[in-house]
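Student: What follows is a structure written as structure tokens; I'll ask about it next.
The values are calculated or read from the model by the stated rules, or taken from the named source; none is laboratory data. Here the structure is a predicted model, which means the values were calculated and not measured. As a convention, Cβ positions derive from the backbone with ideal geometry for all residues, glycine included, and neighbour counts pool all protein chains shown.
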Amino acid sequence: MLSKKSLEAADRVFDWGISNLLDVWSLIYTPQFEQAVKLLSTHRIWVIGMGKAGALGSKFASSLASNGRPAAYIHAGEMLHGDLGAVQRGDVLVAISNSGRTDEVIRVATKAKMIGAKVILLTGHSRTKLAGMADIVLCYGKIHEACSLHLTPTTSILVILAICDALTMAVQVTVGTTVSQYSIYHHAGYLGQTARMLLRRKNKNG
């Protein structure tokens with residue numbers, strides 16, 4: 001049986017996660033969120049991040065792409081070793097950095113701005129060099145991680161994921177993604193089968 005301390009550590013993930021999600025809910029009603037949705041709905045998108053933020057960035061880009069947006073995740077380190085050439089003037093670079101001080105992300109964002117791309121930043125800190133150069137800053141504030149060491153990204157990951165999903169769903173409605181389109185973009189697997197089933201049902205019912 002788990003010790004009391006172990007159970008308390010596990011419980012804290014849910015407790016702090018729910019509390020922080022409720023605290024940042026209002027972010028979707030800000031002008032910055034609206035501006036971000038508009039850019040993501042009309043431009044080609046590149047997403048970057050390092051570590052756990054990078055894993056979230058990969059999921060975010062994949063979700064956008066499955067809804068018809070030209071989006072892809074590129075590792076910030078790889079961008080600094082040649083992949084930055086994929087970014088063109090008029091593109092949108094979404095940078096995810098809880099601290100706002102991730103060196104690789106700062107360097108990529110700086111170069112992307114030089115190229116002529118727009119930068120959207122998801123961060124917990126608005127008074128950083130990275131926030132200063134971004135065109136749009138979605139700042140959710142300082143997050144205390146639900147980790148007994150105060151180190152492992154936990155609560156911040158839940159918050160960033162929620163913001164990314166909120167952006168994706170707002171973009172989905174804004175661009176008017178249909179079940180027919182989704183069945184093409186996400187053709188294989190259970191979701192692809194479900195989308196085609198919904199499409200057949202829709203066509204049958206007129």
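Student: Just one of the numbered conditions (1) crowded, with 19+ Cβ neighbours inside 10 Å; (2) touching an Asp or Glu at 6+ places or on another chain (Cβ under 8 Å); (3) part of a helix (DSSP H, G or I) is not true of Leu56; which one?
Tutor: Evaluating Leu56 over (1) crowded, with 19+ Cβ neighbours inside 10 Å; (2) touching an Asp or Glu at 6+ places or on another chain (Cβ under 8 Å); (3) part of a helix (DSSP H, G or I) leaves (2) as the failure.
Student: Give the residues of the range 1-52 that are over 17 Å from Val92 (Cβ atoms) and in contact with a helix residue (DSSP H, G or I) (Cβ under 7 Å, 6 or more places away or on another chain), sorted by residue number.
Tutor: Correct list: Trp16, Gly17, Asn20, Leu21, Val24, Leu27, Ile28, Met50, Lys52.
Student: So Arg12 passes all but one of these: (1) at pLDDT below 95; (2) in a helix (DSSP H, G or I). Which condition number does it fail?
Tutor: Among (1) at pLDDT below 95; (2) in a helix (DSSP H, G or I), Arg12 violates only (1).
Student: Where residues in the range 117-152 are within 15 Å of the chain's Cα centre (by Cα) and under 30 Å from Leu7 (Cβ atoms), which of them is surrounded by the most Cβ atoms within 10 Å (Cβ to Cβ)?
Tutor: Here the answer is Tyr140.
Student: Still on this structure, please answer the following. Which condition number in (1) at negative phi; (2) over 13 Å from the mean Cα position of the chain (by Cα) is the one that Leu40 fails?
Tutor: (2)
Student: Given the structure, is Gly68 in contact with a Ser or Thr (Cβ under 8 Å, 6 or more places away or on another chain) and not in a helix (DSSP H, G or I)?
Tutor: yes
Student: Do you know which residues across the range 38-53 are in contact (Cβ under 8 Å) with a residue 40 or more places away in the chain and part of a helix (DSSP H, G or I)?
Tutor: Once the filter is applied, which keeps residues that are in contact (Cβ under 8 Å) with a residue 40 or more places away in the chain and part of a helix (DSSP H, G or I), the range 38-53 yields Lys38, Leu39, Leu40, Ser41, Lys52, Ala53.
Student: May I ask you to say which residue of Gly100, Gly85 is without any contact (Cβ under 8 Å) to a residue 12 or more places away in the chain and either assigned to a helix (DSSP H, G or I) or not charged (D, E, K, R) (or both)?
Tutor: Unique residue meeting the criteria: Gly85.
Student: Out of Ala95, Ala117, which single residue is touching a helix residue (DSSP H, G or I) at 6+ places or on another chain (Cβ under 8 Å) and in contact (Cβ under 8 Å) with a residue 24 or more places away in the chain?
Tutor: Going through Ala95, Ala117 in turn, the sole match is Ala95.
Student: Residue check, Ala188 against (1) surrounded by fewer than 13 Cβ atoms within 10 Å (Cβ to Cβ); (2) under 30 Å from Tyr140 (Cα atoms); (3) hydrophobic (A, V, I, L, M, F, W, C), all met but one. Which one?
Tutor: For Ala188, the exception is condition (2).
Student: Going by what's in this entry, would Ser183 be described as crowded, with 19+ Cβ neighbours inside 10 Å and more than 30 Å from Trp16 (Cβ to Cβ)?
Tutor: So Ser183 fits the description; yes.
Student: Now, a different point. Would you confirm whether any residue within the range 67-82 is among the aliphatic types (A, V, I, L, M) and in contact (Cβ under 8 Å) with a residue 40 or more places away in the chain?
Tutor: No; the residues of the range 67-82 include none that is among the aliphatic types (A, V, I, L, M) and in contact (Cβ under 8 Å) with a residue 40 or more places away in the chain.
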